[in-house]
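The values are calculated or read from the model by the stated rules, or taken from the named source; none is laboratory data. Please read these numbers as outputs of a predicted model, since none were measured by experiment. Here the Cβ positions follow ideal geometry from the backbone for every residue, glycine too, while neighbour counts run over all protein chains shown.
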Amino acid sequence: MHLRFGDYRRGVASAAASVNHGGMDVTEWLLDSDPSIRWQVMRDLTDASPDAVAAERSRVATDGWGAQLLALQDDRGYWGGHEYGRDRDRRSVQWTLQSLRRFGIDPAQPETRRAIERVRDGVTWSEFDDLPYFHGEVEPCVNGGVLAAASYFGELGEGSDRIIGMLLDEQLDDGGWNCDAPESDRTSVDTTICVLEGFAEYERVIGESDPAIPDARVRAEEYLLERRLFRRKSTGELIKQRYVDFAFPPYWFYDVLRGLDYFRGVGGPPDPRLADAIELVRWQRGEDGRWPAGTPRRGEVYFALDTSPGEPSHWNTVRALQVLEWYDGSRAAP
C-alpha cells in the first residue's frame with residue numbers, strides 16, 4: 001500500500017467506527033477466523049461472557065496458528081534453530097514468542113508452559129556468552145521484546161532485572177532508545193516501541209515498581225506524542241512511508257497502528273495529540289468496513305499470518321477496531 005502524506009485526510013468523515021459497515025457484518029467476518037483473533041473480537045467487540053471469552057482463548061494453544069507454532073518447537077526449546085534469527089529469518093525463538101504473545105495465548109495452559117520451560121531451560125544467546133534467553137543480550141530493541149515475553153509468560157527474575165537496568169541506563173536524552181547507540185544519539189522509533197512494549201508488559205504484571213520505569217516510559221511516550229506518532233517535529237512531514245503501512249506481525253518495525261495499539265494497551269484517556277494518527281487509521285478503512293493488509297515485513301517465516309497486501313486483513317481490522325473503540329469510548333465518557 002502506498003499512502004502519501006496528506007492523502008489520509010480525504011474520506012475521514014465516512015470512516016465510522018461501527019462494526020456493521022456498508023451492509024457487511026464485520027464482526028461476523030472477524031469471528032470466522034483463527035482463535036487468536038476470535039477471542040479478542042469476543043472480548044472487545046461483542047457482549048460475550050468472560051467464560052465464553054476464556055474458553056475461546058484457551059483454543060489458541062490447541063487449534064490454529066498458536067498450536068501450529070507450538071508444534072514447530074524442537075526438543076531443545078528452539079524455533080528455527082536460533083534464538084533471534086540470522087539473515088532476516090523470522091523462524092526463531094524471538095519472533096515466535098512475540099507472535100504467541102500477540103495472539104494472546106494463555107501463558108498458564110499446559111501446552112504453553114511446556115514450550116516456555118523449554119526456552120527457559122535450553123535456549124541461550126550464542127553470541128553473548130551463552131546467556132539464558134530470558135536474560136537478554138545487548139541491543140535495546142531485542143531486550144525490549146525479551147522483557148515483554150518474560151513478563152507475559154511469567155519468567156521474570158534475575159534476567160529481567162538485568163534487562164531493565166540496561167534499558168534505563170541506555171535511554172537517550174531525547175527520551176527514546178536506539179540500537180545503534182552510542183554511535184547515534186538520536187532516538188529510533190522502531191527501537192523505542194519495542195522497549196515501550198517491554199516496560200508496559202512488565203508494569204502490567206508487576207504493578208507498582210521502581211518509579212524509574214514509568215518515568216522512563218512517560219519520557220519515551222512524549223517523544224512519540226510530540227511527533228503525533230508519525231510526523232517530523234520540525235516540519236510536520238511524514239517521517240517514513242512505512243510508518244503508515246500497517247503489517248502483521250510487525251517484528252521490530254514501527255508503524256502508526258502499532259503505536260496506537262501501545263497507547264490503548266497502557267489505558268487511560270487518549271492524549272489529544274493522537275488525533276491525527278486516529279484519522280489516518282479511519283481513512284485506511286475500506287468501504288466494506290475492513291482494513292487492508294500492509295506490505296509484509298521482510299524475512300523468512302513458517303507460514304503467513306496475514307493475507308496478501310491490499311486484501312482485507314483480519315489482524316489490521318481487529319486491531320484498528322480495538323483502537324477506535326478505546327479512543328471513541330474514552331472521548332465519549334464524561
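Quick check on Gly299: is it at pLDDT below 95 and within 23 Å of Asp190 (Cα to Cα)? Reasoning before the result, please.
Working: at pLDDT below 95: yes; within 23 Å of Asp190 (Cα to Cα): yes.
In short, yes.
If the Cβ limit is 7 Å and pairs must be 6+ apart or interchain, which residue in the stretch 244-267 that is surrounded by 22 or more Cβ atoms within 10 Å (Cβ to Cβ) pairs with which residue that is acidic (Asp, Glu) and in a helix (DSSP H, G or I)?
As it stands, the answer is Tyr254/Asp190, since those pairs meet every condition given.
I want to confirm something. Restricting to the stretch 154-172 and keeping residues that are more than 16 Å from Ala212 (Cβ to Cβ) and part of a loop (DSSP other than H, G, I, E, B), which single residue is farthest from the chain's Cα centre (by Cα)? Let's see the steps before the verdict.
Going residue by residue through the stretch 154-172, those that are more than 16 Å from Ala212 (Cβ to Cβ) are 154-159.
Add one more test, that the residue is part of a loop (DSSP other than H, G, I, E, B), and what stays is 154-157.
Values: Gly154: 18, Glu155: 19, Leu156: 20, Gly157: 23 Å.
It comes out as Gly157.
So for the stretch 30-46 (the condition being under 18 Å from Arg290 (Cβ atoms), part of a helix (DSSP H, G or I) and of a type in the set (Asp, Glu)), does at least one residue qualify?
So far as the stretch 30-46 goes, yes, one or more of its residues are under 18 Å from Arg290 (Cβ atoms), part of a helix (DSSP H, G or I) and of a type in the set (Asp, Glu).
All but one of (1) over 23 Å from Thr307 (Cβ atoms); (2) part of a loop (DSSP other than H, G, I, E, B) hold for Asp63; which doesn't?
Among (1) over 23 Å from Thr307 (Cβ atoms); (2) part of a loop (DSSP other than H, G, I, E, B), the lone unmet condition for Asp63 is (1).
Select, from Ser151, Ser160, the only residue that is of a type in the set (S, T, N, Q) and in contact with a Leu (Cβ under 9 Å, 6 or more places away or on another chain). Break it down stepwise before answering.
Values: Ser151 fails: in contact with a Leu (Cβ under 9 Å, 6 or more places away or on another chain).
It is Ser160.
Among the numbered criteria (1) crowded, with 17+ Cβ neighbours inside 10 Å; (2) at pLDDT below 95, which one does Glu197 miss?
Every listed condition holds for Glu197 apart from (2).
Could you tell me which numbered condition Leu69 fails, if it satisfies all but one of (1) touching a Gly at 6+ places or on another chain (Cβ under 9 Å); (2) crowded, with 20+ Cβ neighbours inside 10 Å; (3) under 18 Å from Leu97 (Cα atoms)?
Of everything listed in (1) touching a Gly at 6+ places or on another chain (Cβ under 9 Å); (2) crowded, with 20+ Cβ neighbours inside 10 Å; (3) under 18 Å from Leu97 (Cα atoms), Leu69 misses just condition (1).
So, in the stretch 129-146, exactly how many residues are in a loop (DSSP other than H, G, I, E, B) and more than 20 Å from Tyr251 (Cβ to Cβ)? It would help to see each step written out before you state the result.
Initially, the stretch 129-146 is screened for residues in a loop (DSSP other than H, G, I, E, B), giving 129-130, 136-139.
Imposing the further condition that a residue be more than 20 Å from Tyr251 (Cβ to Cβ) reduces the set to 129-130.
Result for the stretch 129-146: 2.
Among all residue pairs at least 6 apart or on different chains, which show Cβ distances below 7 Å where the first residue, located in the stretch 108-125, is under 12 Å from Gln73 (Cα atoms) and the second is hydroxyl-bearing (Ser, Thr, Tyr)?
From the stretch 108-125, the pairs are Glu111/Thr62; Val119/Tyr133; Val123/Tyr78; Val123/Tyr133.
Scan the stretch 289-298 residue by residue and report those that are touching a helix residue (DSSP H, G or I) at 6+ places or on another chain (Cβ under 8 Å) and either aliphatic (A, V, I, L, M) or surrounded by fewer than 18 Cβ atoms within 10 Å (Cβ to Cβ) (or both). Before the answer, list the steps.
Here is the first cut: in the stretch 289-298, the residues touching a helix residue (DSSP H, G or I) at 6+ places or on another chain (Cβ under 8 Å) are 289-295.
Ala293, Thr295 - these are the residues of the stretch 289-298 that are touching a helix residue (DSSP H, G or I) at 6+ places or on another chain (Cβ under 8 Å) and either aliphatic (A, V, I, L, M) or surrounded by fewer than 18 Cβ atoms within 10 Å (Cβ to Cβ) (or both).
When the stretch 66-81 is examined, which residues are found to be part of a loop (DSSP other than H, G, I, E, B) and closer than 23 Å to Pro107 by Cβ? Give the steps one after another, and end with the answer.
The first filter runs over the stretch 66-81 and keeps only residues part of a loop (DSSP other than H, G, I, E, B), leaving 72-81.
Those that are part of a loop (DSSP other than H, G, I, E, B) and closer than 23 Å to Pro107 by Cβ: Leu72, Gln73, Asp74, Asp75, Arg76, Gly77, Tyr78, Trp79, Gly80.
Does the stretch 302-309 include one or more residues that are touching a Phe, Trp or Tyr at 6+ places or on another chain (Cβ under 9 Å) and more than 21 Å from Gln68 (Cα to Cα)?
Looking for residues that are touching a Phe, Trp or Tyr at 6+ places or on another chain (Cβ under 9 Å) and more than 21 Å from Gln68 (Cα to Cα), one finds none in the stretch 302-309, hence no.
Could you go through the stretch 270-292 and let me know if any residue there is at pLDDT 95 or above, touching an Asp or Glu at 6+ places or on another chain (Cβ under 8 Å) and under 24 Å from Thr96 (Cα atoms).
Within the stretch 270-292, one or more residues are at pLDDT 95 or above, touching an Asp or Glu at 6+ places or on another chain (Cβ under 8 Å) and under 24 Å from Thr96 (Cα atoms).
Identify all residues within the stretch 100-119 that are of a type in the set (D, E, K, R) and either closer than 25 Å to Thr187 by Cβ or in contact with a Phe, Trp or Tyr (Cβ under 6 Å, 6 or more places away or on another chain) (or both); write none if there are none. Let's see the steps before the verdict.
Residues of the stretch 100-119 of a type in the set (D, E, K, R): 101-102, 106, 111, 113-114, 117-118.
Arg101, Arg102 - these are the residues of the stretch 100-119 that are of a type in the set (D, E, K, R) and either closer than 25 Å to Thr187 by Cβ or in contact with a Phe, Trp or Tyr (Cβ under 6 Å, 6 or more places away or on another chain) (or both).
What's the number of the only condition in (1) part of a helix (DSSP H, G or I); (2) over 23 Å from Leu225 (Cβ atoms); (3) of a type outside the set (A, V, I, L, M, F, W, C) that Tyr327 fails to meet?
Result: Tyr327 passes all but (2).
Can you name the helices (runs of 4 or more DSSP H) wholly within the stretch 190-298 that have at least 3 residues being closer than 17 Å to Pro140 by Cα? Even if it seems obvious, please write down each step before you answer.
Working: elements: 212-226, 256-266, 275-283.
The helices (runs of 4 or more DSSP H) meeting that bar are 212-226.
Count, please, the residues in the stretch 212-243 that happen to be surrounded by fewer than 15 Cβ atoms within 10 Å (Cβ to Cβ), within 18 Å of Gly267 (Cα to Cα) and basic (Lys, Arg). Quick ask: steps written out before the conclusion?
Let us first name the residues in the stretch 212-243 that are surrounded by fewer than 15 Cβ atoms within 10 Å (Cβ to Cβ), namely 212, 215, 218, 226, 232-237, 240-241.
Next, only the ones that are within 18 Å of Gly267 (Cα to Cα) stay: 215, 218.
When the remaining residues are screened for being basic (Lys, Arg), the result is none.
Here the count works out to 0.
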